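The values are calculated or read from the model by the stated rules, or taken from the named source; none is laboratory data. Given the structure is predicted, the values throughout are model-derived calculations rather than measurements. Don't worry about glycine lacking a Cβ; one is built from the backbone with ideal geometry, like all the others, and counts go over all protein chains shown.
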Amino acid sequence: MSNFLNLLIAGLATGAIYAVVAIGFTLLWQTSQTINFAQGEFVMLPAFFMLAAMNLGLPFMLAVLVGIGLSLLVLGLLFKRVLVDPMLRHGVLPLAIATMALSIALKESVKELYSAEAHPFPSVVPAGNVDVLGVPVSMQSLGVLVIAVLAVVALNLLLTRTSVGHQMQATAQNPTVARIVGIPVERMILYTFLINAGLVALGSLLVTPIYLAKFSTGEILGQAAFIAAIVGGFNQVRGAVAGGLLLGVVDNLAAAYVSAQYRAAVPLFLLIVIILFRPQGLLGRVEERTV
Amino acid sequence: MKVLKTTFAALAGLAALTAAHAQSGGTIKLANVAELSGPGATVGTNWKNGIDLAVAEINEKGGILGRKLEVTHADSQSNPGIARAQVQKALDGEPYVLLGPGYSGSVKVTASLAQQAEVPQIMGGEAAELTKAGHTHLFRTSFGQQSSMPKVAAYLADDLKAKSVAVVWVNNDFGKGGRDVITAELQKRNVKVAADISTEAGQADFAADVAKVKASGADAAFIYLNEEESARILKEIKRQNLTLPLIGETTLVGQKVIDLAGEAANGARGHVGLTTDAPVPAIQQFREKFQKRYNYVPDHNGLKGYLAVYVVKAVTEKMGKVDRKAFADTLHGLTISAAQEPGILMDVTYDKNGDIDRQGFLVEVENGRQVVKKVLPKLGN
């Protein structure tokens with residue numbers, strides 16, 4: 001029971017990080033029909049911003065703020081203005097390929113400019129255990145889970161309870177009509193990119209103490225979050241959340257109770273099943289397009 | 001016509017001079033192929049820096065037999081396929097000696113190339129099978145698993161009195177080799193393998209693996225992963241509050257693992273063939289020089305790279321000539337003493353397979369540092 005509960009919470013914690021990253025996929029898809037194949041590297045990069053700030057002598061919390069600020073600037077504003085806007089005019093496919101190139105460029109840049117080696121990264125959650133139903137559970141797992149869930153709840157409140165959120169949803173659903181009714185569509189799209197940048201910075205802060213800061217960290221995360229987004233539903237934020245949590249739990253339980261050797265195959269198996277039997281994802285909605 | 005004759009004579013003279021220079025003088029070329037990126041970047045970077053330090057020292061003192069060393073570095077990206085291509089490219093440059101790779105899987109696929117080219121290969125791999133394939137030009141810089149695992153198994157059975165052990169290993173040539181040898185050695189000593197847990201190179205999440213170790217009820221865990229994964233599993237073990245003894249090899253208690261895992265590394269124990277914390281003055285001096293030059297504490301791979309170059313120096317000076325073909329014959333069965341060649345740091349003997357015999361250490365991580373608990377003498381003593 002103790003083991004199962006620990007595995008479940010560790011799985012949910014990992015899944016929550018996948019969910020935070022997967023939300024970025026769905027947000028960008030909804031507002032600009034963009035699939036960002038550099039999303040994993042977007043999670044890797046903020047940790048290096050923070051490490052670089054710490055190397056300059058800043059205390060950890062200040063370095064975190066600097067990291068988040070730089071992420072908003074580079075992974076939000078610059079990403080949109082320098083790459084997405086010019087490429088999107090040529091269609092979704094050239095943009096998708098451009099993000100693949102960006103993924104390689106980011107990895108290689110970190111490798112060259114910082115280091116190819118892994119680096120330790122401080123945790124925002126202290127080590128130790130807390131009692132849950134009489135079972136000792138890792139405080140770090142719980143902390144990661146709580147922070148990630150809070151972020152998702154905050155995002156949901158923003159989207160459903162605020163005027164800006166409603167405008168962003170309207171933009172996602174039909175940008176032409178949104179423009180007609182006076183919504184500043186371009187600004188709403190920019191907000192989406194900034195939210196994505198904030199989410200990846202948060203994901204980076206939570207995952208790097210476990211995965212270590214390394215230029216290649218994003219490969220694993222990007223793939224897992226992409227699968228999570230498809231499994232949950234690429235066009236729904238709640239789908240990305242469900243997909244992320246499900247993937248984290250299934251991966252951990254399968255590795256513990258089925259086979260550690262085949263654990264890498266489990267998410268892919270899940271993906272195939274979803275694509276075959278529910279291509280819109282668990283919570284996604286069917287989209288039809290004219291061609 | 002006279003001008004033409006003079007020109008031909010001058011060209012012929014120049015060609016003769018160039019040939020003579022190439023044979024007797026010029027630099028001695030070493031080619032290094034290592035894991036400079038990818039999961040093995042820690043291994044390869046330390047190895048490379050160790051090589052560069054040794055080359056700089058030797059060149060500062062006039063080189064080997066009056067000739068300076070020149071080393072080229074190529075990145076295998078921790079990928080055996082790329083390692084093979086890089087080694088082929090390096091061999092095309094006709095180096096005197098090939099250094100690396102560090103990963104056993106990469107050594108396995110490149111040893112035959114060096115053998116065909118008759119170029120001595122001094123590498124960092126530790127898988128037992130590497131020196132059993134009949135490659136006469138392949139040499140280690142550290143113990144093979146067949147030398148180290150019996151010592152680890154003996155420690156588990158005799159010192160810790162463990163009746164059952166959980167074995168966690170990385171599913172590559174290095175990990176599989178170590179797992180096979182330790183399992184056999186444990187069985188010889190009537191120690192049960194309570195859990196046999198395979199993990200992947202580059203794996204980030206070890207929650208399930210640690211839970212399996214916990215559920216196995218083993219008296220101790222033997223952890224045999226690469227450095228970064230070792231750090232991750234140590235952190236996870238701390239997160240899950242697992243308190244059983246953690247035993248491993250160099251890759252569990254190396255300095256890089258300690259740096260990455262932080263407090264979680266404390267208490268981990270292991271057998272190490274090379275450690276910069278060894279109570280050997282020459283190794284302490286190496287550590288200081290390395291730290292001064294690169295601004296970090298090297299792990300055993302830094303030592304391996306450093307020693308590889310000094311093996312080249314010792315063998316070449318023993319031969320009294322730069323002769324690639326005679327190199328392997330000279331090194332087989334050779335004992336290099338630190339008294340004769342201080343750069344070799346500790347006396348070492350090479351056998352006919354390219355395996356080494358040297359003193360080793362049992363260490364424990366205490367307060368973020370390796371502490372040597374026991375010095376294990378050379379087997380040949």
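Being assigned to a loop (DSSP other than H, G, I, E, B), aromatic (Phe, Trp, Tyr) and more than 14 Å from chain B (Cβ to nearest Cβ) holds for only one residue in A:Phe37, A:Phe48, and it is A:Phe37. Picking from residues in region B:183-200 that are part of a helix (DSSP H, G or I) and surrounded by 15 or more Cβ atoms within 10 Å (Cβ to Cβ), the one that is nearest to the other protein chains (Cβ to nearest Cβ) is B:Thr183. For A:Leu199, the conditions (1) more than 20 Å from A:Leu75 (Cβ to Cβ); (2) in contact with a Gly (Cβ under 8 Å, 6 or more places away or on another chain) are fulfilled apart from (1). Test A:Leu190 against the stated conditions and say whether it is in contact (Cβ under 8 Å) with a residue 60 or more places away in the chain, more than 14 Å from chain B (Cβ to nearest Cβ), over 12 Å from the mean Cα position of the chain (by Cα) and part of a helix (DSSP H, G or I). When the stated conditions are applied, A:Leu190 passes them. Restricted to region B:211-231, and to residues there that are facing chain A (nearest Cβ under 9 Å) and surrounded by 24 or more Cβ atoms within 10 Å (Cβ to Cβ), the residue that is farthest from A:Ala116 (Cα to Cα) is B:Ala211. May I ask you to verify whether A:Ile275 is hydrophobic (A, V, I, L, M, F, W, C) and more than 14 Å from every other protein chain (Cβ to nearest Cβ)? Against the criterion (hydrophobic (A, V, I, L, M, F, W, C) and more than 14 Å from every other protein chain (Cβ to nearest Cβ)), A:Ile275 qualifies.
In region A:229-259, the qualifying residues are those that are polar (S, T, N, Q) and within 14 Å of chain B (Cβ to nearest Cβ), and the one that is farthest from A:Ala16 (Cα to Cα) is A:Ser259. The single condition among (1) within 26 Å of A:Pro122 (Cβ to Cβ); (2) at pLDDT 90 or above that B:Glu227 does not meet is (2). Scanning region A:75-129 for residues that are more than 30 Å from B:Tyr294 (Cβ to Cβ) and in contact with a strand residue (DSSP E or B) (Cβ under 6 Å, 6 or more places away or on another chain) yields a count of 1. As for region B:13-29, it holds no residue that is closer than 17 Å to B:Leu303 by Cα and either in a strand (DSSP E or B) or at pLDDT 95 or above (or both). Checking the stated criteria, B:Ile182 turns out not to satisfy the condition of being under 23 Å from A:Ala13 (Cβ atoms) and at pLDDT 95 or above.
Among the residues that make up region A:10-20, is at least one of them surrounded by fewer than 24 Cβ atoms within 10 Å (Cβ to Cβ) and not in a helix (DSSP H, G or I)? Talk me through it step by step, then tell me what you get.
Here is the first cut: in region A:10-20, the residues surrounded by fewer than 24 Cβ atoms within 10 Å (Cβ to Cβ) are A:12.
From what's left, not in a helix (DSSP H, G or I): none.
No; the residues of region A:10-20 include none that is surrounded by fewer than 24 Cβ atoms within 10 Å (Cβ to Cβ) and not in a helix (DSSP H, G or I).
Here B:Ala208 passes the criteria (1) buried (at least 23 other Cβ atoms within 10 Å of the Cβ); (2) of a type outside the set (Asp, Glu); (3) touching a residue at least 24 places away in the same chain (Cβ under 8 Å) except the one numbered (3). Please determine whether any residue of region A:197-212 is within 14 Å of another protein chain (Cβ to nearest Cβ), crowded, with 22+ Cβ neighbours inside 10 Å, in a loop (DSSP other than H, G, I, E, B) and touching a residue at least 40 places away in the same chain (Cβ under 8 Å). Checked region A:197-212: at least one residue is within 14 Å of another protein chain (Cβ to nearest Cβ), crowded, with 22+ Cβ neighbours inside 10 Å, in a loop (DSSP other than H, G, I, E, B) and touching a residue at least 40 places away in the same chain (Cβ under 8 Å). Among residues that are surrounded by fewer than 19 Cβ atoms within 10 Å (Cβ to Cβ) and outside any helix (DSSP H, G or I), B:Ala326 is not included.
Condition check ((1) under 22 Å from the mean Cα position of the chain (by Cα); (2) within 20 Å of B:Val165 (Cα to Cα); (3) free of Cβ contacts under 8 Å to residues at least 40 places away in the same chain; (4) outside any loop (DSSP other than H, G, I, E, B)) across all residues:
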{"residue": "B:Glu263", "(1), (2), (3), (4)": "no, no, no, yes"}
{"residue": "B:Gly267", "(1), (2), (3), (4)": "no, yes, no, no"}
{"residue": "B:Leu274", "(1), (2), (3), (4)": "yes, no, no, no"}
{"residue": "B:Phe286", "(1), (2), (3), (4)": "yes, no, no, yes"}
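For B:Glu263, the criteria (1) surrounded by 19 or more Cβ atoms within 10 Å (Cβ to Cβ); (2) within 11 Å of chain A (Cβ to nearest Cβ) hold in every case but one, which is (1). In region A:115-142, what residues are in contact (Cβ under 8 Å) with a residue 24 or more places away in the chain, more than 8 Å from chain B (Cβ to nearest Cβ) and in a helix (DSSP H, G or I)? Passing the criteria: only A:Leu142.
For every residue, the table says whether it meets (1) modelled with pLDDT of 95 or more; (2) in the same structural domain as B:Leu53 (by TED's automatic domain parsing).
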position	(1), (2)
B:Leu334	yes, yes
B:Gln340	no, yes
B:Gly343	yes, yes
B:Asp351	no, yes
B:Val363	no, no
B:Val371	no, no
B:Lys374	no, no
B:Pro377	no, no
B:Gly380	no, no
